[in-house]
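Chemist: I have a structure I would like to understand better, so I am pasting it below and will then ask my questions one at a time.
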Amino acid sequence: MAEHPAYPVGLRLTGRRVVVLGGGQVAGRRLPALIAAGADILLVSPRATPSVEAMADAGEITWERRPYAEGDLADAWYALIATSDPEANTQASAEAEANRVWCVRSDNADAATAWTPATGHSEGVTVAVLTSRAEGRDPRHTAAIRDAVVEGLRDGTLVAPHHRTRTPGVALVGGGPGDPDLITVRGRRLLAEADVVIADRLGPRDLLAELPPHVEVIDAAKIPYGRFMAQEAINNALIEHAKQGKSVVRLKGGDPYVFGRGMEELQALAEAGIPCTVVPGISSSISVPGAAGIPVTHRGVAHEFTVVSGHVAPDDERSLVDWASLAGLTGTLVILMGVDKIGRIAETLVAHGKPADTPVALVQEGTTAAQRRVDATLATVAETVRTQDVKPPAVIVIGEVVTVGVATPASGLPKTPQ
């Protein structure tokens, strides 16, 4: 058998009997996939690891607490032999051969009738990598190939075109705080498969350069609005392109639902009968402070954090924020879109009892190469923003957590002194 390559095949094990001998680490690694395949699993082993025992307790497998005995493989379709007893493994392998049961052996691949490939999954596709011959088997190399293929499919660097007609629609993709590596793998894959991308200014712009030439990229900030409001024009553009049978990605900064008007776009698409997928993104409210070395919570310092939009001033009649209540909180306050309003916000917080010496950090262009952090207090933040020329986009962190952070490689330039 060693002279010929293995024949790759996918086993459909739903409802079919699978016998696993041994309850150690090998079984712990292989059982989840067998359970996911819907197999009727019998585990035969005197002992099991805690994770394997938990599967039995949950009713996912049947566990007989005893050593292997002749006849255990009767009526099995597939067997995994992974005991610590070489003699029992040999006997079980002989029974599998006699009963024409495909059998994997963890201790001796050459004596097995089947090999387990290195597998990975990406959006409905299973990637299985198998060494061609028994001699020279290198599991680490096989796993590395698997990982490279799966990662390429997930992040969009390995794109396989769809030859069947795709269902047109829109994906609202949260692009994260700015660093292109911080978009989710699903978001990056959808971006790679798009026909049209309507992008925000705060989205990960570097990813747009990687798109194929045929992809139409539309800057949402430059859509001709005509008589419509900006958001209405964006909604109309999404609907128009989707109705043309195209796959559309609405690439947004951060998360679509954190001050991203994602629900407004979803509602407009639903009214137009356009299918829509929402892909969450990493919110700048957490990730940008973290990149600057600031934890939004810290034991003994802050047990809660509140995220607030600062796009309108506290005394603006459109404001929905209860600034008086926020001033009384002892946790962390994170303000987005508030650079030009921070002076009035600081005054309001102090007027309602927040100490004027409360630390403040402003992190501009967080997670990008242009990131910088400027520190101040509520009393000095307005002047600091002016003198240090802090510009949007910037995340503002207010609270004692500002002083407990440490410099990190991701935090870019050192802090600017107060």
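Chemist: So in region 250-280, with the set limited to residues that are part of a strand (DSSP E or B) and over 17 Å from the mean Cα position of the chain (by Cα), which one is surrounded by the fewest Cβ atoms within 10 Å (Cβ to Cβ)?
Modeler: Checked region 250-280; the qualifying residue surrounded by the fewest Cβ atoms within 10 Å (Cβ to Cβ) is Cys276.
Matching residues to (1) assigned by TED's automatic domain parsing to the domain that holds Ile335; (2) of a type in the set (A, V, I, L, M):
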{"position": "Gln231", "(1), (2)": "no, no"}
{"position": "His241", "(1), (2)": "no, no"}
{"position": "Val296", "(1), (2)": "yes, yes"}
{"position": "Val301", "(1), (2)": "yes, yes"}
{"position": "Ser309", "(1), (2)": "yes, no"}
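Chemist: While we're here: Would you mention how many residues in region 103-112 are surrounded by fewer than 17 Cβ atoms within 10 Å (Cβ to Cβ) and either at pLDDT 85 or above or not acidic (Asp, Glu) (or both)?
Modeler: Qualifying residue count, region 103-112: 3.
Chemist: Separate question: In this structure, does Ile198 turn out to be part of a strand (DSSP E or B) and either more than 22 Å from Val397 (Cα to Cα) or under 24 Å from the mean Cα position of the chain (by Cα) (or both)? Lay out the reasoning, then the answer.
Modeler: Working: part of a strand (DSSP E or B): yes; either more than 22 Å from Val397 (Cα to Cα) or under 24 Å from the mean Cα position of the chain (by Cα) (or both): yes.
Criteria met by Ile198.
Chemist: Quick one: how many residues across region 47-100 are touching a residue at least 40 places away in the same chain (Cβ under 8 Å), assigned to a loop (DSSP other than H, G, I, E, B) and more than 12 Å from Gly22 (Cα to Cα)? Full working, then the answer.
Modeler: Our first condition is that a residue be touching a residue at least 40 places away in the same chain (Cβ under 8 Å); within region 47-100, this holds for 61, 63, 68, 72-73, 75-84, 88-89, 92.
In the following step, the residues that additionally are assigned to a loop (DSSP other than H, G, I, E, B) were identified as 61, 68, 72-73, 75-77, 82-84.
From the residues that got through so far, the ones that are more than 12 Å from Gly22 (Cα to Cα) too are 61, 72-73, 75-77.
Result for region 47-100: 6.
Chemist: Now for a different question. With Ala356, Ala370 as the choices, which residue is part of a loop (DSSP other than H, G, I, E, B) and either outside the structural domain of Pro295 (by TED's automatic domain parsing) or closer than 24 Å to Pro180 by Cβ (or both)?
Modeler: Answer to the check: Ala370.
Chemist: Still on this structure: Scan Val312, Val402 and give me the residue that is at pLDDT 95 or above and either buried (at least 22 other Cβ atoms within 10 Å of the Cβ) or among the hydrophobic types (A, V, I, L, M, F, W, C) (or both).
Modeler: Val402
The values are calculated or read from the model by the stated rules, or taken from the named source; none is laboratory data. In this text, all values refer to a predicted model and were calculated from it rather than measured experimentally. Backbone-built Cβ (ideal geometry, glycine too); neighbour counts: all protein chains shown.
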